Amino acid sequence: MKKKIALIFGVTGQDGAYLSKFLLNKNYKVYGIKRRSSIINTQRIDDIYKDINYKSNFLLFYGDLTDSSSILNLIKKTKPDEIYNLGAQSHVQVSFEVPEYSAEVNGLGTLRILEAIRSLNYQKKVKFYQAGTSEMFGRTKEKFHNEKTPFYPASPYGVSKCFAHWITVNYREAYDIYACNGILFNHESPIRGETFVTKKIIQGLIRIKDGYQKKLFLGNLYAKRDWGHARDYVEVMWKMLQQKKPDDYVIGTGKTFTIKEFVNKAAKQIGFKIKWVGKGIGEKAINVENKKIIIECRKRYFRPVEVDYLKCNAQKAKKLLKWSPKISLDNLINEMIEYELQHL
């Protein structure tokens, strides 16, 4: 039987790496798209090349979501059955610093892929997955967020992803393209980027424990997030494209924890006993063992517009896709700690 072909934009990112391995295990041929740069940034997928079972079914191509011609040529060349758009400028704080670039890649990049599918008349040949984000809900005051919750983004990143979401819906309805939006809440893993707060917390605490770092600096300790594991979430991306009809799904665990609670869980697993003192920007954590301050807040790590609360209601995915998360936050944190201990 002919192997299915998947084309993944953003293959070198956390989700791209997990999705590649998932699809290869499903007997797909996987083509990954990466931006050309002066540094080699394929460390998340290097193990794929070392596995003899994957070598002949995994290829990398250079491409760029800001370049329409490269997208068009890549789709023509690879003739994929499924396209996954995971490519993005995905850091919320950075999107305030480079808003135009964030909009260009996240918003117009999605449009360029859809327009390539339309212009090649591939509507009946390819299925498209667009990676959305809970940041599109932003400041919406809802107890739970589901597919019917209105968007209220609070960052250029969230706004750009809203454009990507709606242009995907528009092309699905206007041109009969099989296109799905996956609105994924925060999902982490051992290979999360170092600038993301969960990775920063775990790396920082381990380095403090080992004497390589004195303090960890954080922003809003009381922002609540719905955290899952990326390994669980790439499975549901694939499930969306296996349905008879394309649709949009909200994906998360339905449980929220504050940044402070995440810190407490990680600290306990690493072997710290910490005590919190102070309020507001002056709140800090003290290592009970030696009475030293190891965590402080800094205003520079607060967003210009804070998103205080995000919590998912994934009942639609649970019912229609038969999906639910398998990995708990405690197990996720443990996995991230074990990885850091091996690699630091």
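Bear in mind these aren't lab numbers, they're just calculated from the coordinates by the rules spelled out. These figures come from a predicted structure and were not determined experimentally. Cβ: placed from backbone, ideal geometry, glycine included. Neighbour counts: every protein chain shown.
Below are the figures for this structure:
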| quantity | calculated |
| --- | --- |
| Chain lengthening between Gln315 and Asn264 when straightened (0.36 nm per residue, less Cα-Cα) | 15.4 nm |
| Kirkwood-Stokes translational diffusion coefficient of segment 1-126, alpha-carbon pairs, 37 °C, 0.692 mPa s, µm²/s | 217 µm²/s |
| Segment 226-332 - Kirkwood radius from inverse mean 1/r over Cα pairs (Å) | 16.7 Å |
| Over segment 238-297: Kirkwood hydrodynamic radius from C-alpha pairwise inverse distances, Å | 14.7 Å |
| Listed peptides 23-29, 295-301 by packing density, highest first (mean Cβ within 10 Å) | 23-29, 295-301 |
| Semi-axes of the equivalent ellipsoid for segment 172-271, Cα gyration tensor, largest first, Å | 36, 13, 12 |
| Amide proton proximity set for Gly228, modelled H, under 5 Å, gap of 5+ | His187, Glu188 |
| Separation between Cα centres of segment 176-238 and segment 92-150, rounded to whole Å | 19 Å |
| Calculated from backbone phi, Karplus (6.51, -1.76, 1.60) coupling profile of segment 258-273 in Hz, x at Gly/Pro | 7, 4, 4, 5, 4, 4, 4, 5, 5, 4, 4, 5, 7, x, 8, 10 |
| Area projected by the alpha carbon convex hull of segment 58-127, averaged over all directions, nm² | 5.0 nm² |
| Pair Asp47, Tyr301: separation of 7 Å Cα→Cβ label points (nm) | 2.8 nm |
| Label-to-label distance, nm, for residues given as Leu120 and Trp166 (7 Å Cα→Cβ offset) | 2.8 nm |
| For segment 184-189, Karplus couplings with θ = phi - 60° (6.51, -1.76, 1.60), whole Hz, Gly/Pro x | 9, 6, 3, 9, 10, 5 |
| Convex hull volume per residue in cubic angstrom - Cα atoms of the chain | 138 Å³ |
| Longest to shortest principal axis, alpha-carbon extents of segment 289-344, angstrom | 51, 36, 22 |
| Radius of gyration, Dmax [segment 100-213; alpha carbons; angstrom] | 17.9, 59 |
| Candidates Lys143, Lys199, Lys127, ranked by Gaussian network fluctuation over the chain, Cα under 10 Å, top entry | Lys143 |
| Rg to Rh quotient for segment 129-178, alpha carbon positions, Kirkwood Rh | 1.01 |
| Contact order normalised by residue count of the chain, Cα under 8 Å, 6+ apart, percent | 16 percent |
| FRET efficiency estimate (nearest 0.05) - Cβ-Cβ, Asp176 to Lys209, R0 51 angstrom | 0.35 |
| Selected from Gln123, Gln14, Gln213 as most flexible by GNM, with the chain as the system and alpha-carbon contacts under 10 Å | Gln213 |
| Pairs beyond 23 Å (Cα-Cα), from Lys21/Lys326; Lys200/Lys299; Lys79/Lys316; Lys4/Lys326; Lys26/Lys200; Lys141/Lys326 | Lys79/Lys316; Lys4/Lys326; Lys26/Lys200; Lys141/Lys326 |
| Percent RCO, i.e. relative contact order, over segment 1-53, from Cα pairs under 8 Å lying at least 6 residues apart | 41 percent |
| Over the chain: helical MRE at 222 nm, DSSP H runs n ≥ 4 each giving -39500 (n - 2.57), nearest 500 | -11000 deg cm²/dmol |
| Highest-MSF residue in the chain out of Ala116, Ala174, Ala285 [GNM, Cα springs under 10 Å] | Ala174 |
| Distance between modelled label sites at Phe61 and Lys273, nm, 7 Å Cα→Cβ extension | 5.9 nm |
| The chain, dipole about Cα centre (Lys/Arg Cβ +1, Asp/Glu Cβ -1), debye to the nearest 20 | 560 debye |
| Note, ³J(HN,Hα) from phi for segment 195-200, Karplus 6.51, -1.76, 1.60, rounded to Hz, x at Gly and Pro | 7, 7, 4, 5, 5, 4 |
| Debye, to nearest 20: dipole size of segment 247-344, +1 on Lys, Arg Cβ, -1 on Asp, Glu Cβ | 320 debye |
